[in-house]
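Bear in mind that the values in this text are calculations on the coordinates, not laboratory data. As the structure is a prediction and not an experimental result, all values here were calculated from the model. Glycine also receives a Cβ, built like all others from the backbone with ideal geometry; neighbour counts cover every protein chain displayed.
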Amino acid sequence: MEDALQTRIFVSADGVRLVADHGGAADAPAVILLHGGGQTRHSWSRAVARLVAEGFQVVNFDARGHGESDWSANGAYSLTDRVADLRAIVETLSVPHVLVGASLGGGTAILAVDEGLRPAGLVVVDIVPEPNPEGIDRIVGFMRSKPEGFANVEEAVAAVAAYNPQRRTPPDPNGLMKNLRAGEDGRLRWHWDPEILSLSPTILNGIVQRASQRLGSLPDLPVLLVRGLSSDVVSDAGVAAFRKTVPHLEVLDVAGAGHMVAGDRNDAFNDGIIAFARRVLGAASAETLPIPG
């Protein structure tokens, strides 16, 4: 098995180039990771290492307008555009796969199923069709703050700490440089295209709400919601409403984690998605694919 990660470029239907880390054997069942808005593929780094070590093939990509992937020249950042990106990746696979999407990535995955993609299983991380508006507003507020950028990486670290005070401050602040870009004025700004914030969260939520109805009509599609118990985005009421729409919904509550579940409690997060992926991918391909046991 080839465990080393390789950088791959996928090209979406409109020509946007998507940069991905790809690891594991080409004939192994796959896990596709979709990060949240304002994040990069590096938010999944420890999950990728664990998944590959467990025998899965992993595709972990920067969403359009984020990280090393292209910015859209015409501001094409709708969920439908993001589904097209995912489709370009799925079409390169010949094995069963599970989609794991956090926040915006989870909304993309839900809409992808509504638009006809059929993974072996779906994991959505701290996102529900009816999220807490205050939590969404706090995320958008953070992303819209500091358009003038930062004088140094320490200022960026302080901004992240103010947004998520329960997250441990990293011993080396330079690790955050993966999430920053240097402007011509010498200041550091977040890696994302500001144009991604042009679509109203209310519109996005409406799309996800409508698309989630499809999940309820697919009882054979396993769906797992991973929720941080300290999240200000997913409430008990939001979980109950999601379960009403999708009666077969499974829920994994992660104590000590907020909205950034994988970063806050990576151990518990990894254990949960690996157990889910083993089960659903094993059911999909046990006779022909090497499932870790």
TODO: Within segment 38-79, work out how many residues are part of a loop (DSSP other than H, G, I, E, B), of a type in the set (Gly, Ala, Ser) and within 12 Å of the chain's Cα centre (by Cα).
DONE: 2
Open item on the list: Take the conditions closer than 27 Å to residue 81 by Cβ, in contact with a Lys or Arg (Cβ under 8 Å, 6 or more places away or on another chain) and in contact (Cβ under 8 Å) with a residue 12 or more places away in the chain and apply them to residue 234. Does it pass?
Closed with: yes
TODO: Pairs only if they're at least six apart or on different chains, beta carbon under 6 angstrom, first in segment 35-62 and among the acidic types (Asp, Glu), second not in a loop (DSSP other than H, G, I, E, B); list them, first residue then second.
DONE: 54/274; 62/19; 62/41
- [ ] Pick out, from segment 187-281, the helices (runs of 4 or more DSSP H) lying fully within it that include 2 or more residues that are of a type in the set (D, E, K, R) and surrounded by fewer than 22 Cβ atoms within 10 Å (Cβ to Cβ).
- [x] 201-216, 236-245
TODO: Would you point out which residue out of 159, 88 is assigned to a helix (DSSP H, G or I), over 26 Å from residue 254 (Cβ atoms) and not acidic (Asp, Glu)?
DONE: 88
TODO: Run residue 129 past the list (1) in contact with a Phe, Trp or Tyr (Cβ under 8 Å, 6 or more places away or on another chain); (2) within 28 Å of residue 237 (Cα to Cα); (3) assigned to a helix (DSSP H, G or I); (4) not hydroxyl-bearing (Ser, Thr, Tyr) and report the number of the one that doesn't hold.
DONE: (3)
